[in-house]
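The values are calculated or read from the model by the stated rules, or taken from the named source; none is laboratory data. Fair warning: this is a prediction, and the values are worked out from it, not measured in the lab. So basically every Cβ, Gly included, is an ideal-geometry build from the backbone, and we count neighbours across all protein chains shown.
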Amino acid sequence: MKKPTNNTFTPKEALQKLEHFCAYQERCHEEVIAKLYSLKMTPDEIESIVVQLIEGNFLNETRFACSFARGKHRIKSWGKIRITNELKARNISSTNITLALKEITSEEYFETFENLAERCWNNLSESDTLKKRKKFCDYMLRRGFESNLVYEKVKELEEN
């Protein structure tokens, strides 16, 4: 596809470009709309292109949310709270967020939590117990794990 010389795209060219954009990686509606604005499309053209992308199954917010949750949990070891907050920041509906969190089995979730907690605790070279506890808890909470899990785990680790 040739790039237009005056840096504007016809709706057809923009649609093709966005089909590739969505086929490469799952996208949320917000990302697609931002991309279309960057291509200098009008609001009417944007609406039309988004509808075409949804009809062509290039854009599916449920699929995006599920893929996002799986990936962030498995690859970045994020907890459910962080995943939920990140999806909310992308204006994903609470229904889709609930479906996305079901993608993570409780066994997988707790296994990730345990592995991350052990690794974090063992890597902290803090001699002051209170400082070590605080650093551990802050890290695990930042990762998006539930506070009750984190505080139970820190007690368990201190005893060992």
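Condition test on Ser93, is it under 30 Å from Leu141 (Cβ atoms), among the hydroxyl-bearing types (Ser, Thr, Tyr) and not assigned by TED's automatic domain parsing to the domain that holds Gly144?
So Ser93 fits the description; yes.
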**OP:** For the stretch 123-141, state whether one or more residues are over 14 Å from the mean Cα position of the chain (by Cα), under 30 Å from Tyr37 (Cα atoms) and assigned to a helix (DSSP H, G or I).
**Re:** no
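Restricting attention to the stretch 12-29, which residues are in contact (Cβ under 8 Å) with a residue 12 or more places away in the chain and basic (Lys, Arg)?
Initial filter on the stretch 12-29 (in contact (Cβ under 8 Å) with a residue 12 or more places away in the chain): 13-19, 21-23, 26-29.
Those that are in contact (Cβ under 8 Å) with a residue 12 or more places away in the chain and basic (Lys, Arg): Lys17, Arg27.
This table checks each residue for (1) out of contact with any Asp or Glu (no Cβ under 9 Å at 6 or more places or on another chain); (2) within 30 Å of Pro11 (Cα to Cα).
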position: Tyr24; (1), (2): yes, yes
position: Val51; (1), (2): yes, yes
position: Cys66; (1), (2): no, yes
position: Arg70; (1), (2): no, no
position: Ala100; (1), (2): yes, no
position: Thr112; (1), (2): yes, no
**OP:** Go through the stretch 12-36 residue by residue and tally those that are over 18 Å from the mean Cα position of the chain (by Cα) and exposed (fewer than 12 other Cβ atoms within 10 Å of the Cβ).
**Re:** 2
**OP:** Could you tell me which of the residues Lys155, Lys132 is more than 30 Å from Glu30 (Cα to Cα), in contact with an Asp or Glu (Cβ under 6 Å, 6 or more places away or on another chain) and surrounded by fewer than 18 Cβ atoms within 10 Å (Cβ to Cβ)?
**Re:** Lys132
Subject >> Given (1) within 30 Å of Lys155 (Cβ to Cβ); (2) without any contact (Cβ under 8 Å) to a residue 24 or more places away in the chain, number of the condition Ala34 does not satisfy >> reply: (1)
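For every residue, the table says whether it meets (1) within 30 Å of Thr105 (Cα to Cα); (2) surrounded by fewer than 18 Cβ atoms within 10 Å (Cβ to Cβ); (3) free of Cβ contacts under 8 Å to residues at least 12 places away in the same chain.
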position	(1), (2), (3)
Thr10	no, yes, yes
Pro43	no, yes, yes
Glu47	no, yes, yes
Phe58	yes, no, no
Ala65	yes, no, no
Ile83	yes, no, no
Ser94	yes, yes, yes
